[in-house]
Amino acid sequence: MVRRYDPERRQRIIDAAIRVAGERGIAGLSHRAVAAEADVPLGSTTYHFATLDDLLVAALHQVNEACMRELDAREGMADPGCDLAGELALLVDEMLTRDRGRTELEYELYLAALRREAVRPIAAEWVDLMTEVIARRTDRGTARALAALADGLCLQVLLTGREFDREQARVMFARLLG
């Protein structure tokens, strides 16, 4: 049997894991399902990721990096002349409307840390990244509170199916900003 050199295989497996988790949830994630989605032999998934937790960590890390790039690109998050409360409310609104499917996947991966200890450091990384971006405009304590509020608002809407009220959220963020 001839081995093919495939430097992109690991990345294709991670991308496939994100798609599988997005379509089937974490419960539907398996080495076999990911191998089929990535169009690679089953042994390739276990070669690169010995456990499903290893695969989840890689997927969540990739999701975190993408979110950080997007947050960094938001001019309103860095512009001191921009209404930070309004920008945070807009961010949450966009996460829940324009990017809802992706947001559901991100939170499912994020909440996997409840039962999967290996995923916890990557979930904590997301909290730290969000706090870091907001701390460019305020102190760290307030930034952490704002990040927690954004997370809480997202979870409430995702879990209850209730409508998101951007103006109400802006008022809540503004209260924390004092």
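The values are calculated or read from the model by the stated rules, or taken from the named source; none is laboratory data. Everything numeric here is computed off the predicted structure, so don't read it as measured data. All Cβ positions, even for glycine, are placed from backbone atoms using ideal geometry, and neighbour counts span all protein chains on display. SASA here: full protein model, heavy atoms, side chains in, ligands and nucleic acids out. Shrake-Rupley method; radii C 1.70, N 1.55, O 1.52, S 1.80 Å.
Worth a mention:
- Computing Cα Rg over 2.2 N^0.38 Å for the structure here picks out one of (1) 1.16; (2) 1.02; (3) 1.22, namely (1).
- Put simply, when 155-167, 55-67 are sorted by average Cβ atoms within 10 angstrom per residue, most first, you get 55-67, 155-167.
- Listed residues ALA113, THR142, TRP126: farthest to the positive end of the dipole of the stretch 87-178 (Cβ charges): THR142
- The value given for the stretch 111-178 is a Kirkwood hydrodynamic radius of 13.1 Å, derived from the mean inverse Cα-Cα separation.
- Between 0 and 90°, nearest 10: helix 84-96 axis offset from the chain longest Cα axis: 40 degrees
- Distance from the stretch 17-44 to the stretch 55-102 (C-alpha centre basis), Å: 26 Å
- For the chain, a crude dipole built from +1 on the beta carbon of Lys and Arg and -1 on the beta carbon of Asp and Glu, taken about the Cα centre, is about 460 debye to the nearest 20.
- Accessible area (Å², per residue) of the stretch 42-178, counting only protein heavy atoms and a probe of 1.4 Å: 53 Å²
- Dipole orientation for the stretch 1-102: of the candidates LEU42, ALA73, LEU29, LEU42 has the Cα lying most toward the positive pole (charges on Cβ; Lys, Arg +1; Asp, Glu -1).
- Of ALA145, ALA36, ALA73, the one that fluctuates the most in a GNM where the chain has Cα springs shorter than 10 Å: ALA73
- Helix 52-73 axis versus longest C-alpha principal axis of the chain: approximately 40°, rounded to the nearest ten.
- Nearest-ten-degree value, helix 120-134 long axis tilted from longest Cα axis of the chain: 40 degrees
- Carbon/sulfur fraction of accessible area - the chain, other protein chains in place, 1.4 Å, %: 51 percent
- Linear extension gain, ARG140 paired with GLU23, 0.36 nm per residue minus alpha-carbon span: 38.5 nm
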